[in-house]
Amino acid sequence: MSKLTKEERDSLPDDEFGLPEKRAYPVDTKARARNAKARATQELERGLLTPEERNEIDQAADCKLQEE
């Protein structure tokens, strides 16, 4: 998984993020979707995400992971 540059991240549409309103947790590739799920779980455990936010990230990531 390559690091997103600012330009690449800025060019992603909102629906390519787990939390589109914050443009956080990019899920534009399957690797990033898996990473978003893992990071969201960690952030939930640390109290930095709500369960609802984690679920939103998981749903977005799951959609990407189900793509062919």
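The values are calculated or read from the model by the stated rules, or taken from the named source; none is laboratory data. Just so it is clear, the model here is predicted, and its values are computed rather than measured. Note: ideal-geometry Cβ built from the backbone for every residue, glycine included; neighbour counts use all protein chains shown.
Quick notes on this structure:
- Residue within segment 47-55 that is modelled with pLDDT of 95 or more, under 19 Å from Glu67 (Cα atoms) and not β-branched (Val, Ile, Thr) present: yes
- Qualifying residue in segment 24-32 (condition: surrounded by 14 or more Cβ atoms within 10 Å (Cβ to Cβ), more than 24 Å from Lys6 (Cβ to Cβ) and aliphatic (A, V, I, L, M)): no
- Residues that are within 18 Å of Asp15 (Cβ to Cβ) and among the polar types (S, T, N, Q) within segment 36-68 comprise Asn55, Gln59, Gln66, listed in sequence order.
- Number of positions in segment 58-68 that are at pLDDT 95 or above and over 19 Å from Lys3 (Cβ atoms): 7
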